[in-house]
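The values are calculated or read from the model by the stated rules, or taken from the named source; none is laboratory data. All values derive from a computational prediction rather than experimental measurement. A quick note on method: Cβ atoms are made from the backbone with ideal geometry, for glycine too, and the neighbour counts reach across all protein chains shown. Quick note on the areas: whole protein, heavy atoms, side chains included, nothing else; ligands and nucleic acids left out. Shrake-Rupley method; radii C 1.70, N 1.55, O 1.52, S 1.80 Å.
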Amino acid sequence: MKKFALTLELKDDPQLIEEYEEFHKVVWPEVLNSITGSGIQEMEIYRVGTKLFMHINANDDFSFERKSTMDLGNAKVQEWEELMWKYQQKIAGAAPDEKWVLMKKIFEL
C-alpha cells in the first residue's frame, strides 16, 4: 500500500470555504469513480483555516501520472476540477501546473 500527503490552500473567503465544504459532502459520482478507479482506496481531506491536507492510501499500482491521464480524458472530472478552482489557490512553491502539492514525510512512529 502507498501513502501520500498533499496540501493546498483555499481562498480566504468564509462563504467560498463554506461552499467548498458543501460540495465535498456530496462529491459527484464520476469524480468518486475516477478516484477509486485510479487505485486510491482511501482519501481524506482535512481543513484548518484556509489550509487543506489530503491523506491518500492507494494500491501498489497507483501513480499520479496515470491518475492525471485518466482525469484528462474524463469531462466530468475536468468540470469538477474547474469548479473547485473557484475555491482553491496555489501554495507558495507550487509548480505552474500543480494544484495539490505532495508533502514530504519527515516523521513516522
>> Checking K51 against (1) farther than 22 Å from K86 by Cα; (2) surrounded by 12 or more Cβ atoms within 10 Å (Cβ to Cβ), only one condition comes out false. Which one?
In response: (1)
>> Would you confirm, using the coordinates I've provided, whether W28 is farther than 26 Å from K105 by Cβ, surrounded by 15 or more Cβ atoms within 10 Å (Cβ to Cβ) and touching a Phe, Trp or Tyr at 6+ places or on another chain (Cβ under 8 Å)?
In response: no
>> Among the residues of the range 46-60, are any over 21 Å from Y20 (Cα atoms), out of contact with any Phe, Trp or Tyr (no Cβ under 6 Å at 6 or more places or on another chain) and part of a helix (DSSP H, G or I)?
In response: no
> Across the range 89-109, which residue is farthest from N33 (Cα to Cα) among those that are among the basic types (K, R) and surrounded by 11 or more Cβ atoms within 10 Å (Cβ to Cβ)?
Replying inline: K90
> Of all residues in the range 66-88 being under 14 Å from the mean Cα position of the chain (by Cα) and more than 21 Å from L10 (Cβ to Cβ), which is most open to solvent (accessible area, probe 1.4 Å)?
Replying inline: S68
>> Can you say whether I35 is free of Cβ contacts under 8 Å to residues at least 24 places away in the same chain, surrounded by 15 or more Cβ atoms within 10 Å (Cβ to Cβ) and of a type outside the set (F, W, Y), as far as the supplied structure shows?
In response: yes
